[in-house]
Structures are given as C-alpha cells and as structure tokens.
Amino acid sequence: MTDNDMTTTDSTADDELVFIATTDIAARTKGRAMPLADFDERSSLGWVPANLGIGSLGHIVEGIPYGSTGDLRMLPDHSSLTRIDGIPGRPPLNIVFADLVNPDGTPWESCPRTFLRTAVTELREEFGIHIGAAFEHEFVDVSATGDHHPFSLQAFRQAEPAGSRLVTVLQNAGLEPENWLPEYGRHQYEITVAPTDAVTAADRAILVRDTVYDVFRAFGREASFAPVITPGGTGNGVHTHIGLRDAEGNNLAWDPSRPGRLSELAGSFAAGIVRHGPALAALFAPLVTSYLRLAPHNWSTARCFLGLQNREALLRICPTNEMDGRDPAPQLHFEFRGGDIGANPWILLGLLLRAGMQGLREGLPTPEIVVGELDLDGAHAGLPQLPRNLEEALETLKADEVVTSWFSPAFLATFEAIKRDEYATVRTRSLAEQCAMYTEVY
Ligand code: GLU
Ligand code: MG
C-alpha cells in the first residue's frame, strides 16, 4: 500500500454512509444507509410495502392492504443527493431521496414522491406550467424556559448558538435559507428557504425539519413542529408558497387588469384548491390536533377561501415588494396556509398541484377574493368551513371522487386505516395529552 492509499483509507470520506430516504404517510423520514463509496448510478435498496402502514404513533396498523409479502426498491434520485455537515458532535450526513419502485423498476402505485413528480409533469405537459415552490416551517424550542416576547431580539438570542448554526448548516448544504426569526408563539421560531422547483422544494422541506431536530439536539435542546404544543397556544404551520411560470420563467399568475392582479389561469388554479379544500384537509392537516390550529384568530386558516394578503385564508395571494420601483409582475404568487408537520411534503404539494390542475381542466372561474379583514359574523359568514376534526375530514375526503381518484385504492385504504387508528387512540386523551403526544413525535 502506498502512502497515497493510506491517506485515502484513513480519510473520513471512506467511512461515510449515504442514507437513502423516503417519507411516508406519517411524514417521518425513513430509509436505510449504505457506504457512500459503494453508492453509484446503479444503487438501489430494498423496501417493504407494509412500511407505508406505519402511522404517527410508530406501529403498523391493522387492516391495511399491504401485508408480510411483497418487495419494493428504493431508487435514488441522484440529483437530490445532499451533504449536511457542521452539526456539532455529528458526522456529516449524506442523504438522497428515493422513489419507491417495484422490483422491475416500474413506479409503485403508492409512492408519495412519485405522486408529486407526476403532478409536476402533467402540469408542464398539459398546461405549460412550471411550478416554483417553497415551504416555511414554524416550530417551538420546547426545552426553552422563561420569558418569551414575540418577535424579540431576546427571543432570537435565546436560540443561540443553535439558530446561527442552523442557518450556516442549511447554507452549506445548499438548501438556501432565507429568513430565521423568532415568531409570535412562546419560544416559537420560523425558518424559510428560497423557492425552487416543486420536487426539490418538498425534498428541502424534509431536510429542513430533520436538520432542525439535529441542530437543536446537538445544542442540548428539543425542537417540535407539532401543530399545537399546548391547548390554546399558538400553532405551528407549514406554509407552502407556489408560483406558476412558463418555460421562459414569465409569471403566469400575473394580470394587473384583474381582481387581486391574478390571471384567469391562476384564478382557475386557485378555484380548484378552494373547491376541494375541505376534502384535502385530511391530507394537509392529518393529525388529531391539526384541527385545534385551523380556527379563526390563529392566523392559520379560519375558513376555506382565497384571500388577498389575508393570513386567515386557506390560500393567500401574497404581497409584492414594490419599493425602489421593484417590479411586482414576477413576484405575485400563492401561499397555502392550511398545512402542518403531519403532512408529507410530497403529498401536500402534489395535492395542491392536482387540485389546481383540476380547476384548470374545468376552466373554473376565479373564486371570490376576500379583501380586508374577515367578518365571519357578517359579510363572510357563508364562506365554506373546513372539517372540524380528523374524523369529519376523513369522511369529507372519502366523499370527494375527484380527490380520491388521484390515489391508488391501496394508498387510500392505508391512509384511512392509519388515521382511524390514530384518531381512536388519541381522542380518548385530554387535549393537553393529545398535544404532548404529537409534540414527542414531531
Ligand atoms: N402560526 C401561524 C400558523 O399556525 C402562522 C403565523 C404566520 O403568519 O406566520 O399557521
Ligand atoms: Mg410564521
């Protein structure tokens, strides 16, 4: 062995693993690792269909269509390979997202990432629409004690050095962090990243949450993204920004001559999301405590409507920055505010794109754009409600033939079995216990 070989053998790169990852109905990142040195274009690892039946509470539920037989392969998407380094006390993490395929390489009927990828392809091929997206995550430092003043410098400083390190780690991993801020809720923070193509945006969302856990733990703290940490407390949302562009990058949502400066095309897209909003709830707000958050005065989602710069809207037309003559045309886009950490980001974004696409296919007219404050006792009393709890959400999903047609019957049966099991277990607890259960998991 030459000196050179010795150097290579001793270098940490040779000991490194790559974690091949998927994310399931429970929105927990799962997978298996192999030596990075052996990882190449032909690499794939085995996976089990029944794993899809592991719910938030961490067990495979009864009554799912996937059993002890059957095999899948995790097929890595090499473009998603990311290296997360610089977390104190942790080796670097190489992670790559995989599509779940049958052993012959054909797509698996229930792969959540394929669900998003096919929606992206259909929108591009059928409508020439290229999606840009970004996820914003709110979470609470549940290990923090003492005073918290909303948005304050002291709250920002209390999260140090974890906060600064988090931003640096995300930056070095190429995840393009944009804003790191102390939020309104008690010891609540928010991290945002730059928009990118839809699949990468959802991949990033998964990496962001797992990196937050890791960085906070490395500093002896505990982060939780659970929708509500304590009953009556401020909610943690996962807000999804969506832009519609053509192949040249022009903003297809922009039309200054129309209400909300929203183009007819974007109006139809929004109409699909608003029309199917109640049926989508089981999937974008899939936890028992999700429904504590989706209520008026929480700045989350009071009702199912399209709002102009309104933080209680399910779908919000975001403001534009027009200072110093900046052009609003490329900026106008939507923010979907209903989602939370229980939703798999690939499914969440895939749902929104499919609902929007349904609006386009049917040429739906732009829905009412709510301007100004919400008046639920007056002018806005008739706005559609979202389901009030997970059970109602599951019934509403079942009754919507359009939404259910997007999924394989086996996926839907698995989803329903998981959520019914979860609802039955969690609802018997006090609200405080329900919140505590999800705070542990998420
Ligand atoms: N915390 C709110 C939520 O549950 C969002 C607040 C905000 O507008 O950032 O969605
Ligand atoms: Mg926020």
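Values quoted throughout were computed directly from the atomic coordinates according to the rules given, and no laboratory measurement underlies them. This structure is a prediction, so every number in the text was calculated from the model and none was measured. Virtual Cβ from ideal backbone geometry, glycine too; neighbours counted across all protein chains shown.
Quick one: Kirkwood hydrodynamic radius for the stretch 278-412, alpha-carbon pairs, angstrom, one decimal? Walk me through the numbers on the way to the answer.
Working: mean 1/r = 0.0625 Å⁻¹.
Across the stretch 278-412, the inverse of the average 1/r is 16.0 Å.
I'd like the chymotrypsin sites (Phe, Trp or Tyr not before Pro) in the stretch 105-204 restricted to DSSP loop residues with at most 11 other Cβ atoms within 10 Å, sorted by number.
On the way: sites: Trp108, Phe115, Phe127, Phe135, Phe139, Phe151, Phe156, Trp180, Tyr184, Tyr189; in loops: Trp108, Phe151, Tyr184.
Of the chymotrypsin sites (Phe, Trp or Tyr not before Pro), the ones in loops of the stretch 105-204 whose Cβ has at most 11 other Cβ atoms within 10 Å are Phe151.
How big is D for the stretch 332-387, in µm² s⁻¹ as a whole number, if Stokes-Einstein is applied with the Kirkwood radius of its Cα pairs at 10 °C and 1.306 mPa s? Numbers along the way, then the final one.
On the way: Rh = 13.9 Å.
For these conditions, the coefficient is 114 µm²/s.
On the first, second and third principal axes, largest extent first, how far apart are the outermost C-alpha atoms of the stretch 32-93 in Å?
For the stretch 32-93, the Cα extents along the three principal axes come out at 42, 31, 18 Å.
Multiply the residue separation of Leu153 and Glu395 by 0.36 nm, subtract the distance between their alpha-carbon atoms, and state the gained length in nm to one decimal.
Values: separation 242, 0.36 × 242 = 87.12 nm, distance 4.47 nm.
Length gained, Leu153 through Glu395: 82.6 nm.
Within the stretch 153-259, list the GluC sites (Glu not before Pro) lying in a DSSP loop whose Cβ has at most 15 other Cβ atoms in a 10 Å radius. Mind dumping the intermediate values first?
Numbers: sites: Glu178, Glu183, Glu190, Glu222, Glu248; in loops: Glu183, Glu222, Glu248.
Passing sites in the stretch 153-259 are Glu222, Glu248.
Write down Rg/Rh for the stretch 116-254, rounded to two decimals, with Rg from the C-alpha atoms and Rh from the Kirkwood relation over Cα pairs.
Values: Rg = 16.9 Å, Rh = 16.1 Å.
Here Rg/Rh amounts to 1.05.
Using only Cα atoms, tell me the angle between helix 345-361 and the longest principal axis of the chain; keep it within 0 to 90° and round to the nearest 10.
40
What's log10 of I(q)/I(0) for the stretch 193-304 at q = 0.13 Å⁻¹, Debye sum over Cα points only, no solvent?
-0.71
Would you mind pulling out the separation of the Cα centroids of the stretch 118-168 and the stretch 26-78, in Å?
Cα centres, the stretch 118-168 to the stretch 26-78: 26 Å.
For Glu109 and Ala329, calculate 0.36 nm times their separation in residues minus their Cα-Cα distance, and state this gained length in nm to one decimal.
On the way: separation 220, 0.36 × 220 = 79.20 nm, distance 3.89 nm.
Full extension from Glu109 to Ala329 adds 75.3 nm.
Using only Cα atoms, locate the centre of the stretch 293-347 and the centre of the stretch 380-442, then give the distance between them in Å, rounded to an integer.
Cα centres, the stretch 293-347 to the stretch 380-442: 22 Å.
Taking the Cα centre of the chain as origin, sum charge times position over the Cβ atoms of Lys and Arg (+1) and Asp and Glu (-1), and report the length of that vector in debye to the nearest 20. Don't skip to the answer; put the middle values down first.
Values: 35 positive and 59 negative charges, 197 e Å.
About 940 debye.
State to the nearest 20 debye the size of the charge dipole of the stretch 324-392 about its Cα centre, where the only charges are +1 on K and R beta carbons and -1 on D and E beta carbons. Could the numbers behind the result be given before it?
On the way: 5 positive and 11 negative charges, 75 e Å.
Dipole of the stretch 324-392, to the nearest 20 debye: 360 debye.
With no solvent and one equal point scatterer per Cα, compute the Debye intensity ratio I(q)/I(0) for the stretch 73-142 at 0.14, 0.17, 0.25, 0.29 Å⁻¹ and report its log10, rounded to two decimals.
The computed values of log10 I(q)/I(0) come out as -0.70, -0.91, -1.13, -1.18.
Kindly list the residues of the stretch 58-82 that lie in the label zone of Val48, defined by a backbone N under 17 Å from the point 7 Å along the Cα-to-C-beta vector.
Within reach of a label on Val48: 58-74.
Across the Cα atoms of the stretch 225-290, what radius of gyration and what greatest pairwise Cα-Cα distance (Dmax) are found, in Å?
Looking at the stretch 225-290, its Cα Rg and Dmax stand at 16.2, 47 Å.
Under the 0.36 nm per residue contour assumption, what length would be gained going from the current alpha-carbon distance of Ser79 and Arg388 to full extension?
Values: separation 309, 0.36 × 309 = 111.24 nm, distance 4.00 nm.
Result for the pair: 107.2 nm of gain on full extension.
Add -39500 (n - 2.57) for each DSSP H run of 4 or more in the chain, then divide by its residues: what number comes out at 222 nm, to the nearest 500 deg cm²/dmol?
Working: 12 runs with 146 residues, N = 442.
That calculation yields -10500 deg cm²/dmol at 222 nm.
Give me the one-decimal Kirkwood hydrodynamic radius in Å for the stretch 383-435, with the sum taken over alpha-carbon pairs.
On the way: mean 1/r = 0.0804 Å⁻¹.
Kirkwood hydrodynamic radius for the stretch 383-435: 12.4 Å.
In percent, how large is the relative contact order of the chain, given Cα pairs closer than 8 Å and 6 or more residues apart?
In percent, rounded to a whole number, it is 17.
Between Ala432 and Ala379, what is the label-point separation in nm under the 7 Å Cα-to-beta-carbon projection?
It works out to 4.2 nm between the two label points.
How are the Cα pair distances of the chain distributed, in percent, across 10 Å bins from 0?
4, 21, 31, 28, 12, 3, 1, 0, 0
Starting from the amide H of Thr234, placed 1.01 Å from N in the peptide plane, find each other amide H under 5 Å away whose residue is 5 or more places distant or on another chain.
Amide H neighbours of Thr234, under 5 Å, 5+ apart: Arg186.
Counting only trypsin sites (Lys or Arg not before Pro) that sit in a DSSP loop (anything but H, G, I, E, B) with at most 13 other Cβ atoms within 10 Å, what is the longest stretch of the chain containing none of them?
On the way: sites that count: Arg42, Arg326, Arg388, Arg427, Arg429.
Between exposed loop sites, the widest span is 43-325.
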